[in-house]
Each structure stands twice: as C-alpha cells, then as structure tokens.
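These notes are about the structure you will find just below.
The values are calculated or read from the model by the stated rules, or taken from the named source; none is laboratory data. Quick caveat, the model's predicted, so the values are computed rather than measured. Cβ placement follows ideal geometry from the backbone for every residue including glycine, while neighbour counts extend to all protein chains displayed. These accessible areas exclude ligands, DNA and RNA; they are computed on the full protein's heavy atoms, side chains included. Shrake-Rupley method; radii C 1.70, N 1.55, O 1.52, S 1.80 Å.
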Amino acid sequence: MAPQKNRKSQKSRAKGPANNKSATKSKEAAQPRTSTKKASSSNSHKKCARSPSDDEEEEDSDEESDTPPAKRTCTKKLKVAEVEQVEDNHSEEEAEPETIEVEESDDEDAEGTLDGMLVKVETPLQFSKDGITDAVTKLIACDDQAFALANKAVFRNCLVAMRPKTQSHELPSSYDISKHISNEYAKWIEKLNGEIENAPGKVSITVDTWTAVNTKGSYLGMTAHWIEVKEKRWKLRSAVVGFQPISGDHSGQNLGRYMVGLTDRVGITNKERSKLHTATLDNASNNNTSCEAVESVHDRRKLVWESEDNQLGCLGHVVNIANVAVMTHITKAAAIETADAIWMYDPSDPNNRVHRGSLDVIATVCTLGVKYRFKIPLKFKLHGNTQWGSTFGMLDRAYQLRQAIDLFVSTADHLYGSVTTVRCEGKIVKKIPWSAFALSEDDWRRVADARDILADSNSVQQYFSSEQEPTLWHALPAIEELLTKWEAKAADPAYALYKEAILDGRAKLLKYYNKFDVKPVYVLALVLHPYYKLDYIELAWGGEEEQKKEMMEGNPNAKNWQDEAQKIVEKAMEEYWQSRPTPESEPTDESATQASSASILSDFERHCPKLIGQDANQGWAAELRRYLKDRPSGLRADMDIVKWWEEHAHEYPTLARIALDILACQASSLPCERLFSATKQTANDRRARLGSAKFEQLTMMKFAWRANVHDYATINGQVREEVNLELFSDLLSMDLMETALDADL
C-alpha cells in the first residue's frame with residue numbers, strides 16, 4: 001500500500017512545559033506536623049519532593065533551578081507555617097510519620113476541584129528499624145549496590161552517626177535486606193494485579209529478551225501499559241511486570257509460554273478472561289511464533305486474541321534496520337566491532353577504503369574516538385550496533401570538534417609517536433601513525449553528509465521514545481516523514497554519492513510501511529487523535545479522486561484509502577458500542593440549578609446530554625459522525641491526547657472506550673530497552689552470585705521504587721504551609737457563582 005501522493009506530515013513531540021509560580025513566605029508556628037506543600041509539575045515529576053538519581057540525570061535535568069533547593073517556594077499559598085524541628089535521638093517508640101501533601105497535576109489549567117491535586121508524602125519523624133531497613137533496601141536496589149553494603153562497618157557507622165548509641169540489632173543486615181525485597185516484591189505483584197483489574201480498558205505489553213554479560217543467563221523482559229481512570233481523571237500508566245530467566249531454547253513456542261506466564265501472574269490474562277490488547281516486539285522471526293503461541297493459549301481457554309491484528313513490530317527497530325541498510329553502502333564499520341580490530345584498524349589500507357577508494361569516515365572517526373581518549377580528555381559517544389542513534393550522535397559531535405581533532409592528529413605523531421605498533425612473532429611488522437587518521441575537507445564534508453542522512457531517521461526515532469504519552473499515532477506521519485525526506489535526498493545532486501544507499505534504506509522502510517493497513521490499531525490511533533482524524537489518511541494515501549485516477553492509469557486494484565480507514569473505525573465502533581459507558585440521565589431544572597453553583601457549563605456542555613441521548617436511539621453512527629465533523633479551535637498535533645479524551649469522554653462515550661485501549665499501545669519496544677540498559681548496571685560482578693529469582697525481584701523493585709524517591713532532607717528544610725481546604729472550597733464556590741451571575745448579565 002504505497003501512497004500515490006506526496007507525503008506530508010506534522011512533525012510533533014508532545015511536551016508539557018512546567019509552570020512555576022512563586023509564593024510569599026510568612027512565619028507562623030503551627031501544630032501538628034501535618035502540612036500541605038504545593039508544587040506545579042508536568043509529566044508527573046514532583047518538584048520540591050524528589051532527588052534525581054544517577055540513572056535519571058538526563059531525564060531530570062529540566063527540573064533544575066537556579067534557586068537553592070532549600071529556598072524554593074511553592075504555589076498558591078494561603079497560610080504558611082514554620083514547623084519546629086523535633087529532635088528525638090533515642091526514643092524506642094515508633095511515631096506516626098510526618099505527612100506532607102504535594103500537588104501532582106498534569107493539567108496546568110485544572111480548576112474548580114481539589115480532587116486528585118494533592119498526594120501525600122510521608123517523611124520519617126522518629127527512628128525505627130523498619131524505616132531504616134526500608135531506606136537501606138531502596139538505596140541498594142535503586143543505586144545498584146551490593147547486599148553486603150548493609151554489613152559493612154563504614155556504612156553502618158554513617159547510620160550510627162545520625163543516631164548515636166545505635167546498636168547492631170537496631171540496624172538491618174544483608175539478610176534483612178534480602179527478606180524485605182522479597183516481601184515488597186510480593187506486595188508489588190499484588191498491587192499490580194489490583195491496578196490492572198481496576199483498569200477500565202485493556203493492557204498493552206512490550207516484550208524482548210536479554211542476556212547478562214557476566215553470567216550469560218537469558219531473561220525475558222516485559223512491560224505493561226494501560227490507562228488508569230480515577231475520579232474521571234485519565235493517566236497513562238506503565239510498569240515492569242516481568243524479568244524472568246529463560247530455561248530452554250529461544251524458540252517462539254517456548255517464549256510464548258513465558259509471555260503467558262507473566263501476563264497470568266499480574267492479572268492481564270487468566271483462564272476466565274483476557275485484558276491483553278497489543279504486544280509490541282522487535283522484528284525477529286521467532287516473535288511471530290511467540291505471538292501465535294499466545295493466541296493458541298487463548299484459543300484453548302476459549303478466549304479471543306488474534307496475533308495477526310495485535311502483534312506490533314517495533315518501529316524503532318524498523319528505523320534502525322533502514323539505518324543499517326544505508327550504512328552498509330557507506331562504511332565498513334562492521335570490521336571494527338572488537339577491541340583488537342579497533343586497534344589494528346588502518347584507514348590508509350586499501351582494503352578499508354570505500355566509495356571508489358575514499359576514506360571510510362565513519363570507521364575512522366569511531367576508531368579515532370577510541371584511541372585518542374587515552375591521550376586527551378576529548379570524548380564523544382561512539383557508534384554501537386545495539387544503540388539506536390549512536391552513529392548520528394558520534395558524527396554530529398565529531399563534526400563539531402573537527403578543528404580540535406585536526407589539530408591533535410597533526411601533532412600527535414611528534415608528541416606520542418605511532419598510535420599502534422603491529423608485531424608478529426615478536427617482530428615489528430607495521431606502525432600505524434596518527435596521521436593515517438587525518439581527515440581532509442572532503443572527508444569532513446562526507447562526515448556532514450552522513451550525519452544529515454542519519455539525522456532524518458534519528459529525529460523520527462525520537463517520536464517513539466516516550467512512555468508517558470501515546471506514541472502509536474506517530475507511526476503513519478513519522479514513517480511518511482522519513483520516506484519523504486529520504487526521497488528528496490535521493491533526488492538531490494548533492495547526495496548523488498549516497499543515492500543507492502538512501503534508496504536501499506527507503507526500500508526497507510516501505511517493506512514495513514506497506515503492512516500498516518493490515519493492522520487496524522495504526523489507523524485507529526491516528527483517527528483518535530482529534531487533530532488528524534480521517535483527514536490525514538485522505539491527504540497521505542488518497543480518497544475517491546485518487547482511486548479513480550489510479551484506475552484510469554491502469555491499476556484495477558486501486559483503493560479508496562479514506563473509505564478503507566473509515567470501515568476500520570466503523571467496525572471498531574460496532575464492536576465497542578455495547579460496552580460503552582451508559583450516559584447519565586438528563587438533569588432536571590432543579591438539579592441543573594444546583595449544579596451551576598459548583599461548575600460553569602458551556603452551551604455545548606448543556607446540550608451534550610441531549611446529543612448523547614440521540615446517539616442511543618440512532619446508534620454508534622451518529623456519535624462517529626459528530627466526532628468526525630466536529631473541528632474545535634485550539635487543536636494541535638502536539639496536544640495531550642489523553643487529557644483531551646478525559647475531557648470529552650462524556651461527549652463520545654464509545655470512542656472514549658476505544659481510546660482507553662488504543663492510547664496505551666506502544667509504537668516501539670523501547671520500554672524494554674530501557675529496562676535492559678538499567679539492568680546492565682545491576683548485573684555487575686558484585687552481584688554475579690545472585691539467584692535468578694532474587695535478580696528479578698531486585699530489577700522489578702528498582703523500577704517500582706526509583707520513580708517515587710523523595711529527598712526528605714530537602715522537604716524538611718523547606719517552608720511548610722497549611723491550607724484550610726474548607727475555606728479554599730468556599731472561596732472557589734463564591735468565585736464560580738459570581739462568574740455565573742456575570743455570564744447571565
């Protein structure tokens with residue numbers, strides 16, 4: 001299904017800017033030690049209440065502020081109180097933990113309610129062994145420390161320094177830590193079962209396999225994604241639900257059994273029902289068999305799950321396959337995959353040349369980046385086959401540092417001698433000078449060309465990298481965007497040297513792109529984006545006019561792709577119609593008057609119950625027509641789709657029910673890749689003796705805990721405030737009534 005028109009796409013990344021507000025301070029003593037602290041945030045980051053870990057340095061860099069942490073203030077203060085520090089170094093009693101309430105709202109325009117705005121953060125008030133055990137366990141899990149840390153005197157002395165006269169029996173041992181992790185793991189599995197059971201929609205998963213370097217053990221990683229709805233607020237949730245050791249071969253049948261075992265364990269599937277929606281895996285052939293095995297288990301249980309519709313390929317992997325196809329023509333980087341090959345690599349060797357004897361700039365830059373870092377601290381990220389986008393990053397950084405690199409290479413032979421000396425049976429047979437790595441102006445121009453080609457694919461890969469927002473709707477526009485850019489470069493004389501490479505990469509993309517119309521979820525994800533709907537399908541693939549034109553040109557199989565997409569949506573509407581939320585009855589005049597004192601309704605919102613009532617009589621077609629016809633102002637490609645459907649679920653109940661399933665679908669298996677990247681830090685030599693069961697517990701609890709780590713010292717040092725919620729609600733009601741009166745006037 002190749003489109004017949006020029007492809008156009010809206011390049012977008014959903015970003016939620018943080019909204020910082022200042023507040024004045026006032027000193028007023030208050031008791032008890034329960035207070036409320038507010039901090040606006042985006043993407044569920046809790047400001048003033050979280051200390052970024054080493055693993056999250058890059059993610060949390062946007063939360064840094066020039067204001068010292070101890071002096072950061074909070075928003076919307078009504079009443080501020082300083083709380084006296086309570087010192088109790090030796091009390092054996094366990095006191096109730098101090099409770100700090102922190103605002104956590106993804107909607108910067110949320111008004112009219114306090115529901116969901118405050119989340120409690122409990123800070124320790126007194127010493128307790130349980131509290132110390134929990135804190136040390138989280139340190140070991142989140143910071144990738146050895147269990148033996150709890151037994152080391154130098155660490156235990158740090159704990160004693162904060163509470164003198166502490167004895168050994170009051171501090172946790174490595175056995176206590178191991179036991180606590182097992183207990184918390186059991187609680188976490190039970191919690192996941194409850195959350196998945198309460199999720200109103202289905203659950204999508206990502207799956208991949210990983211091999212530990214130190215033990216060579218194989219593991220199956222799985223993440224789950226679903227929409228959580230609490231008090232009518234929607235939130236995209238994700239969690240690591242399995243990291244299980246694999247016994248036996250990596251055949252599709254064996255991996256499929258492991259997949260069902262993990263989904264059964266957390267309540268996604270069982271013998272009576274299945275909430276499994278899509279499974280996103282890479283494009284290895286055994287993954288097709290794995291999903292067929294999952295489908296077979298569903299069939300035996302007399303449940304429905306079709307692998308043909310619900311197995312999704314990892315689009316990040318697809319783009320990387322296209323990258324490899326391009327690079328195969330322009331570099332022999334595969335020849336430098338080992339350490340020995342890197343040090344033996346000679347750019348001047350005719351066998352290492354490419355493009356009619358030209359310098360292999362990618363291999364040269366990569367090997368040079370390894371070699372000169374032993375001489376000078378000038379570093380950049382190196383190419384790696386398993387690290388998507390690493391080649392672009394390497395070339396981009398090297399091009400920025402080209403003057404420094406040229407200067408170093410031109411003087412290195414005089415300062416350090418040859419970079420590599422090759423010996424055979426103790427005799428020197430060859431010396432590779434630094435000057436062999438010198439890049440001319442033409443060479444640097446080719447570095448820039450290769451960087452620009454890979455920049456197109458790198459930007460597209462970023463569309464599929466988020467777990468905090470829906471990504472599947474990006475599939476069609478993003479791949480269209482990359483196809484269009486590479487098509488333009490292939491026709492550009494400036495890239496004539498790379499035309500064959502670009503066309504080969506583009507052919508790889510088209511192979512997977514032409515399968516999009518087979519998977520209904522790709523079309524549904526795009527149609528459920530209120531900015532695109534069916535209009536993008538008509539523009540990119542064509543409608544009735546394009547079908548007639550193709551048939552006149554001799555293609556009897558031409559299709560009206562807009563009509564085909566609408567049929568997919570209509571089929572889904574018919575299936576979901578019976579399970580849609582039942583609309584509430586139309587309010588009476590008296591109830592409407594009472595409701596007006598609590599909220600202000602627009603004319604459309606007052607009319608909405610009548611429209612929904614008409615849909616109940618006319619069927620799902622009326623609701624679909626209203627949605628496709630409605631074009632409210634203010635829509636953007638980078639809008640928060642989850643928030644939009646939260647606000648419009650009452651207007652389009654059937655479509656909202658479909659959105660609960662579709663918005664959680666993952667466009668790539670990057671969540672699993674992140675799991676494996678973090679696990680590499682856990683699977684170090686200090687933990688080589690960990691059993692596979694304990695390793696899984698440690699990995700899962702690391703991801704469960706590290707997203708909710710709070711800096712208690714910073715919280716204790718910050719200004720505290722008490723909010724009179726009753727007074728706040730009264731003031732809010734008064735404002736709303738005044739607004740209503742003004743509107744009536």
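Select from the stretch 673-712 the residues that are part of a helix (DSSP H, G or I) and small (Gly, Ala, Ser) and write down the one among them that is modelled with the highest pLDDT.
Only one residue fits best here, namely ALA704.
Only one of the numbered conditions (1) open to solvent by 40 Å² or more (accessible area, probe 1.4 Å); (2) within 33 Å of the chain's Cα centre (by Cα); (3) of a type in the set (A, V, I, L, M); (4) more than 16 Å from ASP711 (Cα to Cα) is violated by ALA135, and that is (4).
Residue by residue, here is whether (1) open to solvent by less than 30 Å² (accessible area, probe 1.4 Å); (2) assigned to a helix (DSSP H, G or I); (3) free of Cβ contacts under 8 Å to residues at least 12 places away in the same chain; (4) aliphatic (A, V, I, L, M) holds:
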{"position": "LEU524", "(1), (2), (3), (4)": "yes, yes, no, yes"}
{"position": "GLU546", "(1), (2), (3), (4)": "no, yes, no, no"}
{"position": "ASN557", "(1), (2), (3), (4)": "no, no, yes, no"}
{"position": "ALA565", "(1), (2), (3), (4)": "yes, yes, no, yes"}
{"position": "GLU570", "(1), (2), (3), (4)": "no, yes, no, no"}
{"position": "GLN578", "(1), (2), (3), (4)": "no, yes, yes, no"}
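Scan the stretch 312-325 and tell me whether some residue there is open to solvent by 50 Å² or more (accessible area, probe 1.4 Å) and over 19 Å from VAL518 (Cα atoms). Explain how you work it out, then say what you get.
Residues of the stretch 312-325 open to solvent by 50 Å² or more (accessible area, probe 1.4 Å): 324.
Checking which are over 19 Å from VAL518 (Cα atoms) leaves us with 324.
Yes, there is a match, as at least one residue in the stretch 312-325 is open to solvent by 50 Å² or more (accessible area, probe 1.4 Å) and over 19 Å from VAL518 (Cα atoms).
Remark: pairs (first residue in the stretch 399-421, closer than 27 Å to ALA450 by Cβ; second residue assigned to a strand (DSSP E or B); Cβ separation under 9 Å; 6+ apart in sequence or on different chains) = VAL419/LYS431; VAL419/ILE432; THR420/LYS430; THR420/LYS431; THR420/ILE432. Just one residue in the set LYS702, LYS694, LYS680 is surrounded by fewer than 15 Cβ atoms within 10 Å (Cβ to Cβ) and out of contact with any Gly (no Cβ under 9 Å at 6 or more places or on another chain); that residue is LYS680.
Close Cβ contacts (under 9 Å, 6 or more residues apart or on different chains) running from residues in the stretch 201-225 that are without any contact (Cβ under 8 Å) to a residue 40 or more places away in the chain to residues that are assigned to a loop (DSSP other than H, G, I, E, B) and open to solvent by 30 Å² or more (accessible area, probe 1.4 Å) comprise SER218/SER247; SER218/HIS250.
Might you let me know whether the stretch 260-283 holds any residue that is more than 24 Å from the chain's Cα centre (by Cα), over 18 Å from CYS665 (Cα atoms) and open to solvent by less than 10 Å² (accessible area, probe 1.4 Å)? Checked the stretch 260-283: no residue is more than 24 Å from the chain's Cα centre (by Cα), over 18 Å from CYS665 (Cα atoms) and open to solvent by less than 10 Å² (accessible area, probe 1.4 Å). The helices (runs of 4 or more DSSP H) found wholly in the stretch 353-468 and carrying at least 1 residues that are modelled with pLDDT of 85 or more, open to solvent by 10 Å² or more (accessible area, probe 1.4 Å) and closer than 30 Å to LEU312 by Cβ occupy 390-400, 441-462. Flag not set for LEU509, criterion: out of contact with any strand residue (DSSP E or B) (no Cβ under 6 Å at 6 or more places or on another chain), surrounded by 18 or more Cβ atoms within 10 Å (Cβ to Cβ) and under 17 Å from LEU655 (Cα atoms). For the stretch 623-667, the set of residues classified as within 18 Å of the chain's Cα centre (by Cα) and open to solvent by 50 Å² or more (accessible area, probe 1.4 Å) consists of ASP638, ASP640, listed by residue number. Here is the figure for the stretch 538-582: residues that are modelled with pLDDT under 85 and either among the β-branched types (Val, Ile, Thr) or touching a strand residue (DSSP E or B) at 6+ places or on another chain (Cβ under 9 Å) (or both) total 1.
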